Amino acid sequence: QVEMQADQYIPFPMDEVSYDFEVLGTSEKDQDSVDVLLVATRSENVEQRRAAVAAAGLTARIVDVEAFALENACKLMTHQMPDGGIDRAIAVADFGASTTTFSVLRNLKIVYTRDFNFGGNQLTEEIMRTYGLSLEEAGRAKKEGGLPANFQADVLDPFIDDMTQQISRSLQFYLASGSGREQPEKILLCGGCANIPGVADVVQSRIGVPAERGDPLGQMKLSSRARAQAVQRDATALLTACGLALRSFD
């Protein structure tokens with residue numbers, strides 16, 4: 001039945017799509033029907049990820065949806081949420097290289113999510129343009145420092161302004177997306193950009209909502225073989241990876 005009806009929800013030919021579904025249970029709106037969660041993507045998106053995994057000498061068992069992985073991972077950050085996130089609205093902004101995902105959770109379940117084109121690559125590209133560096137040199141300088149004294153004022157501060165504006169805009173979209181929407185009680189900043197010194201303080205002061213760098217590894221025990229300092233530095237960028245690691249293969 002799902003296969004027969006799926007094409008009315010998916011704007012691509014079904015032979016070009018990879019999809020899956022899960023029956024959620026009896027519909028609250030119609031007791032004679034069931035609610036079904038349908039997820040789909042272009043098959044080429046799946047193949048790109050399978051190829052990347054294969055190049056690392058691994059075999060893909062599951063391809064998950066990033067929003068679901070993020071929801072799973074947020075269970076690891078309850079120590080940073082008021083009342084552990086129960087009966088609370090918590091916003092999570094996960095800044096990737098080129099795309100940022102802004103989500104709002106209620107009772108640790110995503111009630112709103114929005115992706116937009118913004119990420120750490122824009123800071124890297126601005127460093128390249130301003131200082132005439134290669135992509136590799138700019139990426140290294142962004143992480144390790146060593147840039148001229150005007151970097152903070154001329155490059156980094158404007159980028160932090162853009163980050164803050166993107167979060168503020170996403171909050172406005174969320175509040176306008178339905179009745180009963182409430183301002184989140186906390187914003188957790190994740191992804192590589194969350195490591196920028198002072199960025200959480202800027203977001204908090206300008207938006208008026210407590211903000212903090214998200215740390216999904218904060219309550220984990222680290223293996224003695226792990227380089228603790230490197231793990232701590234990268235922790236906030238591992239949100240999606242943590243969410244994938246938490247799910248089963250069933």
Residue list for the stretch 72-107, filter: open to solvent by 20 Å² or more (accessible area, probe 1.4 Å) and either within 19 Å of Cys193 (Cα to Cα) or among the basic types (Lys, Arg) (or both): Lys75, Arg88, Gly96, Ala97, Ser98, Thr99, Arg106
With the structure loaded, tell me whether Gln229 is touching a strand residue (DSSP E or B) at 6+ places or on another chain (Cβ under 8 Å), farther than 18 Å from Thr78 by Cα and either among the acidic types (Asp, Glu) or part of a helix (DSSP H, G or I) (or both) or whether it fails that test. no
Looking at (1) of a type in the set (D, E, K, R); (2) touching a Ser or Thr at 6+ places or on another chain (Cβ under 7 Å); (3) surrounded by fewer than 20 Cβ atoms within 10 Å (Cβ to Cβ), find the lone condition where Asp215 falls short. (3)
Picking from Ala40, Ala91, Ala51, Ala69, which residue would you name as being closer than 30 Å to Gln122 by Cβ and free of Cβ contacts under 8 Å to residues at least 12 places away in the same chain? Ala51
Within the stretch 179-207, can you find the residues that are free of Cβ contacts under 8 Å to residues at least 40 places away in the same chain and on the phi > 0 side of the Ramachandran plot? Gly180, Gly198
Name the single residue that is nearest to Gln48 (Cα to Cα) among those in the stretch 1-34 being among the β-branched types (Val, Ile, Thr) and free of Cβ contacts under 8 Å to residues at least 12 places away in the same chain. Val34
Would you say Arg206 is surrounded by fewer than 16 Cβ atoms within 10 Å (Cβ to Cβ) and in contact with a strand residue (DSSP E or B) (Cβ under 9 Å, 6 or more places away or on another chain)? no
Among residues of the stretch 158-176 being of a type in the set (A, V, I, L, M, F, W, C) and in contact (Cβ under 8 Å) with a residue 24 or more places away in the chain, the residue surrounded by the most Cβ atoms within 10 Å (Cβ to Cβ) is Met163
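The values are calculated or read from the model by the stated rules, or taken from the named source; none is laboratory data. Model, not experiment: these values are computed from the prediction. A quick note on method: Cβ atoms are made from the backbone with ideal geometry, for glycine too, and the neighbour counts reach across all protein chains shown. Quick note on the areas: whole protein, heavy atoms, side chains included, nothing else; ligands and nucleic acids left out. Shrake-Rupley method; radii C 1.70, N 1.55, O 1.52, S 1.80 Å.
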